[in-house]
Protein chains: 2
Amino acid sequence: MKVVMAQKILRANQQVARENRERLASLTTINLISSPGAGKTTLLEKTIAALKNDFQMGVIEGDIYTTRDAERIAGQGVEVVQVNTSGLCHLDANMVSRALNEIDYEQLDLLFIENVGNLVCPAEFDLGEDYKVAVLSVAEGGDKPAKYPLVFQEAQVVVINKCDLLALSDFDLDTVTAEIKKIKPELKIFPVSAKTGEGLEAWYAWLRQVIREKKESAMR
Amino acid sequence: MKVVMAQKILRANQQVARENRERLASLTTINLISSPGAGKTTLLEKTIAALKNDFQMGVIEGDIYTTRDAERIAGQGVEVVQVNTSGLCHLDANMVSRALNEIDYEQLDLLFIENVGNLVCPAEFDLGEDYKVAVLSVAEGGDKPAKYPLVFQEAQVVVINKCDLLALSDFDLDTVTAEIKKIKPELKIFPVSAKTGEGLEAWYAWLRQVIREKKESAMR
């Protein structure tokens, strides 16, 4: 019964996700997923600062109760809509649909959706995004892809963050990269430190490319 | 409907949790909850090594798919039962009840239940434990108690792990301690580094004390 119910919810979610995807046809939408504290918000702050002269960006901030992350992002001068899940452990397509009513998304080139900090549940919910980006922190340890494979299966991109801690940890970048590729060979992997800026240029270059591709396909 | 269903599940869980608690009346049971990679398994390894001459210990290892943590713990020479949740993001009382059928728990002084790595959902499920212990890693950042308050409300103890990274991060131990106390003033807080061993003596002393208290109350 629990399973049946879950499938019903997932089917309903899928329908709303499709509607979101149609509404978002002219821009690029990125669903950021990670454990608590992997550095999604810092990555967003840096990315917005780097790209805001070239692109119009917006952010939907998922959080269970607080507005802390939304306040951090609003400090960057982009439009932010906060979604409080009131205890729920993930964003779903309905929450994103309601958030889209509050944001002038047709003016945007790039919309980030920062999911609730949780490496498990958010992976099951299509929000209508173009790309799921999993953020994995070096401090979490290299066994996480094998232990939480779904998010890596569902993602198109993995950002390995906090690479400034590599020397202090037993996280081996080559081994973890191989583990991730074993789950899904075509995953793009960007090792970065959002704190020091190391590696971010490659991530920005990928964003610039997908924004351009989406625009071109929308104009066809 | 989603909420009604969730309440039904939680009520059924509560009943099984009560039965688990009766079965576990003669020993101390600890439910370890944290984000992925906060260091639950390393904390367990160190704790088992430190206490195994004095106490009989067992471990129920919750994991979504793999047996990696169970293998690490089995290396310590204690009885381990693995529970694979097959995708579910938390342990529930039924899973623990089935695991108890596989373990000679009446011979134990201390049973650890290592929950799935998730700071959100496991907090909602009573497993029949005596204590919920939340493990928070310095690398996750100091804003996590305010952002994920439920687990701190439900816990009796917080272990702040990876204190060897304090100098490298903006995690301020006094500020975070105050934030945690704001959520629940009576929470016991142990700042430790499971890696270096720093601070673990106080955690061991607390475990020795609660094991003794439980035995005394069981004999009354």
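The values are calculated or read from the model by the stated rules, or taken from the named source; none is laboratory data. The structure presented is a predicted model; accordingly, all values stated were derived computationally and were not measured. Glycine gets a Cβ as well: all are built from the backbone with ideal geometry, and neighbour counts include every protein chain shown.
Take the residues of the stretch A:61-83 that are in a loop (DSSP other than H, G, I, E, B), more than 22 Å from B:Val151 (Cβ to Cβ) and touching a helix residue (DSSP H, G or I) at 6+ places or on another chain (Cβ under 6 Å): which is farthest from the other protein chains (Cβ to nearest Cβ)? Quick ask: steps written out before the conclusion?
To start, the set of residues in the stretch A:61-83 that are in a loop (DSSP other than H, G, I, E, B) comprises A:64-67, A:75-78.
This time we only want the ones that are more than 22 Å from B:Val151 (Cβ to Cβ), so: A:75-78.
Adding the requirement that they be touching a helix residue (DSSP H, G or I) at 6+ places or on another chain (Cβ under 6 Å) leaves A:76, A:78.
Working: A:Gln76: 17, A:Val78: 20 Å.
Residue satisfying both the conditions and the ranking: A:Val78.
Hey, does the stretch A:196-207 have a residue that's modelled with pLDDT of 95 or more, aromatic (Phe, Trp, Tyr), surrounded by 23 or more Cβ atoms within 10 Å (Cβ to Cβ) and assigned to a helix (DSSP H, G or I)? Show your work before the answer.
Our first condition is that a residue be modelled with pLDDT of 95 or more; within the stretch A:196-207, this holds for A:196-207.
Those left that are additionally aromatic (Phe, Trp, Tyr): A:203-204, A:206.
Subsequent filtering for residues that are surrounded by 23 or more Cβ atoms within 10 Å (Cβ to Cβ) retains none.
The answer is no, given that none of the residues of the stretch A:196-207 is modelled with pLDDT of 95 or more, aromatic (Phe, Trp, Tyr), surrounded by 23 or more Cβ atoms within 10 Å (Cβ to Cβ) and assigned to a helix (DSSP H, G or I).
Please go through the stretch A:122-146 and give me each residue that is closer than 19 Å to A:Leu173 by Cα, touching a strand residue (DSSP E or B) at 6+ places or on another chain (Cβ under 8 Å) and more than 8 Å from chain B (Cβ to nearest Cβ), ordered by number.
Hits for the stretch A:122-146 are A:Val133, A:Ala134, A:Val135, A:Leu136, A:Val138, A:Pro145.
Can you tell me which residue among B:Leu166, B:Leu173 is away from chain A (no Cβ under 11 Å), within 20 Å of B:Lys195 (Cβ to Cβ) and touching a Cys at 6+ places or on another chain (Cβ under 8 Å)? Break it down stepwise before answering.
Values: B:Leu166 fails: touching a Cys at 6+ places or on another chain (Cβ under 8 Å).
It is B:Leu173.
As an exercise: evaluate B:Asp170 against (1) modelled with pLDDT under 95; (2) part of a loop (DSSP other than H, G, I, E, B); (3) surrounded by 20 or more Cβ atoms within 10 Å (Cβ to Cβ) and give the number of the one condition it does not meet.
All conditions are met except number (3).
Residues in the stretch A:100-108: is at least one within 16 Å of the chain's Cα centre (by Cα) and not in a loop (DSSP other than H, G, I, E, B)? Full working, then the answer.
Within the stretch A:100-108, the subset within 16 Å of the chain's Cα centre (by Cα) is none.
Within the stretch A:100-108 (the criterion being within 16 Å of the chain's Cα centre (by Cα) and not in a loop (DSSP other than H, G, I, E, B)), the answer is no, since none of the residues qualifies.
Of the residues A:Ser34, A:Ser86, which is small (Gly, Ala, Ser), under 22 Å from A:Glu124 (Cβ atoms), within 11 Å of chain B (Cβ to nearest Cβ) and crowded, with 22+ Cβ neighbours inside 10 Å? Give the derivation first.
On the way: A:Ser86 fails: crowded, with 22+ Cβ neighbours inside 10 Å.
Being small (Gly, Ala, Ser), under 22 Å from A:Glu124 (Cβ atoms), within 11 Å of chain B (Cβ to nearest Cβ) and crowded, with 22+ Cβ neighbours inside 10 Å holds for just one of A:Ser34, A:Ser86, which is A:Ser34.
Quick one: is A:Lys144 surrounded by 24 or more Cβ atoms within 10 Å (Cβ to Cβ) and at positive phi?
Working: surrounded by 24 or more Cβ atoms within 10 Å (Cβ to Cβ): yes; at positive phi: no.
No; evaluated as a whole, the condition is false for this residue.
All but one of (1) at positive phi; (2) in contact with a strand residue (DSSP E or B) (Cβ under 8 Å, 6 or more places away or on another chain) hold for B:Leu187, so report the exception by its number.
(1)
Does A:Leu119 satisfy the criteria of being part of a loop (DSSP other than H, G, I, E, B) and either within 26 Å of B:Leu136 (Cα to Cα) or more than 14 Å from chain B (Cβ to nearest Cβ) (or both)?
Spelling it out, A:Leu119 is indeed part of a loop (DSSP other than H, G, I, E, B) and either within 26 Å of B:Leu136 (Cα to Cα) or more than 14 Å from chain B (Cβ to nearest Cβ) (or both).
For B:Gly58, only one of the following conditions fails: (1) part of a strand (DSSP E or B); (2) among the small types (Gly, Ala, Ser); (3) within 14 Å of another protein chain (Cβ to nearest Cβ). What is its number?
Unmet condition: (3).
Which pairs do you get when a residue that is within 9 Å of A:Asn31 (Cβ to Cβ) and polar (S, T, N, Q), found in the stretch A:116-135, comes within reach of a residue that is outside any helix (DSSP H, G or I) and modelled with pLDDT of 95 or more, reach meaning Cβ atoms under 9 angstrom, with the pair 6+ apart or on two chains?
Pairs found: none.
Can you confirm whether B:Leu150 is without any contact (Cβ under 8 Å) to a residue 40 or more places away in the chain and either of a type outside the set (Lys, Arg) or over 21 Å from B:Phe112 (Cβ atoms) (or both)? Before you say what the answer is, go through the steps one by one.
Values: without any contact (Cβ under 8 Å) to a residue 40 or more places away in the chain: yes; either of a type outside the set (Lys, Arg) or over 21 Å from B:Phe112 (Cβ atoms) (or both): yes.
Yes; evaluated as a whole, the condition is true for this residue.
Being modelled with pLDDT of 95 or more, among the aliphatic types (A, V, I, L, M) and surrounded by fewer than 16 Cβ atoms within 10 Å (Cβ to Cβ) narrows it down to one residue among B:Ala25, B:Ala17; which is it?
Numbers: B:Ala17 fails: surrounded by fewer than 16 Cβ atoms within 10 Å (Cβ to Cβ).
B:Ala25 is the lone residue from the list that is modelled with pLDDT of 95 or more, among the aliphatic types (A, V, I, L, M) and surrounded by fewer than 16 Cβ atoms within 10 Å (Cβ to Cβ).
If A:Tyr131 satisfies every condition in (1) more than 22 Å from A:Ile160 (Cα to Cα); (2) surrounded by fewer than 21 Cβ atoms within 10 Å (Cβ to Cβ); (3) not acidic (Asp, Glu) but one, which is the exception?
(1)
Can you tell me which of (1) farther than 18 Å from B:Glu114 by Cβ; (2) touching a residue at least 12 places away in the same chain (Cβ under 8 Å) is the one B:Val192 doesn't meet?
(1)
For the stretch B:103-138, enumerate the residues that are more than 17 Å from B:Phe190 (Cβ to Cβ) and of a type in the set (A, V, I, L, M).
Across the stretch B:103-138, the qualifying residues are B:Ile103, B:Leu108, B:Leu111, B:Ile113, B:Val116, B:Leu119, B:Val120, B:Ala123, B:Leu127.
Out of the stretch B:147-163, which residues are part of a loop (DSSP other than H, G, I, E, B), away from every other protein chain (no Cβ under 12 Å) and crowded, with 19+ Cβ neighbours inside 10 Å? If you could, list the steps in order and put the result at the bottom.
Residues of the stretch B:147-163 that are part of a loop (DSSP other than H, G, I, E, B), as a first pass: B:148, B:155-156, B:162.
Adding the requirement that they be away from every other protein chain (no Cβ under 12 Å) leaves B:155-156.
Listed by number, the list holds a single entry, B:Ala155.
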